């Protein structure tokens, strides 16, 4: 899903939890980049870097080798070590849960698979659950290959992430057996 969404933009970037991902450039973006007339040495250098980036990235398949080479090039450009780069991001504890459901097709997602439009009421239930946790975030999406739904949950602590994942998984399981979820007050 993300690859097709990335193609809608002049420059699209996506990386999935399963390791797939790449950077895409529209024909229009490539034409503009290659025909640009730099107005200074700094612009010339930036343009050369951008052209190099478009040559390095494998837009067709999201090749992990070219993505890693891009990371190496960026780190060298910034003068960062991998440890310094790692220090720019703090990973929250997370949990991934798989729930078997009778019919995965009732789970319809949007917003890069982060929100559910159906079953009705389930997204509101997930939103209410995640709001109870410090830095809580959760989403559910149907498997593309089996009657199952995958739930991702993260929070400030491992116990909160585990609890949130369990509660969202239970909501998904319930939603898979009923036609509507009524949010309690």
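The values are calculated or read from the model by the stated rules, or taken from the named source; none is laboratory data. As the structure is a computational prediction, the values presented were derived from the model and not from experiment. Because the Cβ atoms are built from the backbone with ideal geometry, glycine has one as well, and the counts that use them run over all protein chains shown.
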Subject >> Filter result (surrounded by 13 or more Cβ atoms within 10 Å (Cβ to Cβ) and touching a helix residue (DSSP H, G or I) at 6+ places or on another chain (Cβ under 8 Å)) within the range 37-48 >> reply: 47
**OP:** Please tell me if residue 6 is touching a residue at least 12 places away in the same chain (Cβ under 8 Å), surrounded by 13 or more Cβ atoms within 10 Å (Cβ to Cβ) and within 27 Å of residue 123 (Cβ to Cβ).
**Re:** yes
Subject >> Boolean, residue 58 is under 22 Å from the mean Cα position of the chain (by Cα) and not assigned by TED's automatic domain parsing to the domain that holds residue 151 >> reply: yes
**OP:** Taking only the range 70-119 into account, find how many residues are surrounded by 14 or more Cβ atoms within 10 Å (Cβ to Cβ) and over 21 Å from residue 6 (Cβ atoms).
**Re:** 15
Subject >> Flag for residue 67 being in contact with a strand residue (DSSP E or B) (Cβ under 7 Å, 6 or more places away or on another chain) and in the same structural domain as residue 158 (by TED's automatic domain parsing) >> reply: no
Subject >> Pick from the range 24-36, criterion farther than 16 Å from residue 112 by Cβ and in contact with a helix residue (DSSP H, G or I) (Cβ under 9 Å, 6 or more places away or on another chain), ranking: surrounded by the fewest Cβ atoms within 10 Å (Cβ to Cβ) >> reply: 34
Original post:
residue 95 passes all but one of (1) more than 30 Å from residue 135 (Cα to Cα); (2) in contact (Cβ under 8 Å) with a residue 60 or more places away in the chain; (3) touching a helix residue (DSSP H, G or I) at 6+ places or on another chain (Cβ under 9 Å); which number fails?
Top reply: (1)
**OP:** Might you check whether a residue that is loosely packed, with under 14 Cβ neighbours inside 10 Å, within 18 Å of the chain's Cα centre (by Cα) and farther than 26 Å from residue 12 by Cα occurs anywhere in the range 134-147?
**Re:** yes
**OP:** Please go through the range 50-69 and pick out each residue that is surrounded by 13 or more Cβ atoms within 10 Å (Cβ to Cβ) and closer than 22 Å to residue 10 by Cβ.
**Re:** 50, 51, 53, 54, 56, 57, 58, 59, 62, 63, 66, 67
Original post:
Only one of 158, 137, 114, 167 is outside the structural domain of residue 15 (by TED's automatic domain parsing) and touching a residue at least 60 places away in the same chain (Cβ under 8 Å); which?
Top reply: 158
Original post:
Here are some residues: 155, 128, 171, 175. Which one is within 18 Å of the chain's Cα centre (by Cα) and either modelled with pLDDT of 95 or more or over 26 Å from residue 15 (Cβ atoms) (or both)?
Top reply: 155
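Let's see how each residue does on (1) part of a helix (DSSP H, G or I); (2) within 30 Å of residue 139 (Cβ to Cβ):
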residue	(1), (2)
14	no, yes
48	yes, no
66	yes, yes
69	yes, no
76	yes, no
83	yes, no
Original post:
Out of the range 21-40, which residues are free of Cβ contacts under 8 Å to residues at least 24 places away in the same chain and either assigned by TED's automatic domain parsing to the domain that holds residue 112 or under 30 Å from residue 82 (Cβ atoms) (or both)?
Top reply: 29, 33
